[in-house]
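Structure, as structure tokens:
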């Protein structure tokens, strides 16, 4: 495969079909990324038979398994919009998100006979809806087009230095931008990608079986793996998100075990892995969030104490209730235009 920056991707599925990656799943299957796309084409036929047309929303409520990726790629091929449902949601929360987004659940056992209808150039089609944390109100529905996912993937691969020589452990939930950005970048790089539904014992066992060279995760995830004596000694780069203030020593503890953990920054609106601390810094320097922007076309600034961002990974807008279109009024509340006519996203982070 040519350099990823020299490659043209017409849709997110191309990131899989044009890669030589091998994905390893918890059920023991090892599947080439190209084969995964062939399966996704069959899955798209099933979705078409169920009435999923271009622009329709599909509720993806699954763990880290083969079917989840088949549905994701099928949606990219068919112009279907994925609504990523948090696997930790209660049934009430799931039903609420499905209703608010206008999504439908797919029937995986459905076998239809419909002529395959693929969207060849889908970069500017809506692709995936993430949800915000919603700590003080209902989660906002964050819409990304395929272009923002594709371009951010290219930037991640280039900045993180992922390659076919890597073995990447993907134990983050695919229902969030942290997991999805990590997985697609690993696949696009041609790496061996170990897709795992995180559990302390199971994931720790994988680190002993596979020589994991890269993985991303939370401070709590790495804390639990260290307590379980996981083998992190081969990790050359691992972005970690800070959620637990009591784990401020996690970088130095991991370093003792031979692992390089590095602080980062991201959110649903600009996707995860928006920035990364320099892995060459000492443990104190790597213990902070933020870092260098992964995209050469991204920018950050602070205005009145608030962090504002722009770049190719920026979302298309917040979805309106019912899911039929972007809520322009709501989206505009989080955007500001500077004196040069450049639009910035107001993160709310101080």
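Observations on the structure shown:
- Only one entry of 323, 341 meets the criterion of being at positive phi and either in a strand (DSSP E or B) or surrounded by 14 or more Cβ atoms within 10 Å (Cβ to Cβ) (or both), and that entry is 323.
- Neighbours by Cβ (under 9 Å, 6+ apart or cross-chain): first from region 285-310, closer than 25 Å to residue 149 by Cα; second in a strand (DSSP E or B) and at pLDDT below 95: none
- Qualifying residue in region 290-300 (condition: over 20 Å from the mean Cα position of the chain (by Cα) and in a strand (DSSP E or B)): yes
- Among the numbered conditions (1) free of Cβ contacts under 8 Å to residues at least 60 places away in the same chain; (2) over 18 Å from the mean Cα position of the chain (by Cα); (3) over 28 Å from residue 224 (Cβ atoms), the only one that residue 128 does not meet is (2).
- Positions within region 85-105 being under 23 Å from residue 179 (Cβ atoms), part of a loop (DSSP other than H, G, I, E, B), touching a residue at least 40 places away in the same chain (Cβ under 8 Å) and more than 21 Å from the chain's Cα centre (by Cα), in sequence order: none
- Scanning region 276-291 for residues that are buried (at least 17 other Cβ atoms within 10 Å of the Cβ) and out of contact with any helix residue (DSSP H, G or I) (no Cβ under 9 Å at 6 or more places or on another chain) yields one hit, 291.
- Being outside any strand (DSSP E or B), touching a residue at least 40 places away in the same chain (Cβ under 8 Å) and more than 18 Å from the chain's Cα centre (by Cα) is a property that holds for residue 46.
- Considering 213, 203, the condition of being buried (at least 22 other Cβ atoms within 10 Å of the Cβ), at negative phi and at pLDDT 95 or above is satisfied by 203 alone.
- Count of region 235-275 residues which are on the phi > 0 side of the Ramachandran plot, surrounded by fewer than 18 Cβ atoms within 10 Å (Cβ to Cβ) and in contact with a strand residue (DSSP E or B) (Cβ under 7 Å, 6 or more places away or on another chain): 0
The values are calculated or read from the model by the stated rules, or taken from the named source; none is laboratory data. What you are looking at is a predicted structure, and each value in this text was computed from that prediction instead of being measured. Every residue, glycine as well, gets a Cβ built from its backbone with ideal geometry; the counts of neighbours run over all protein chains shown.
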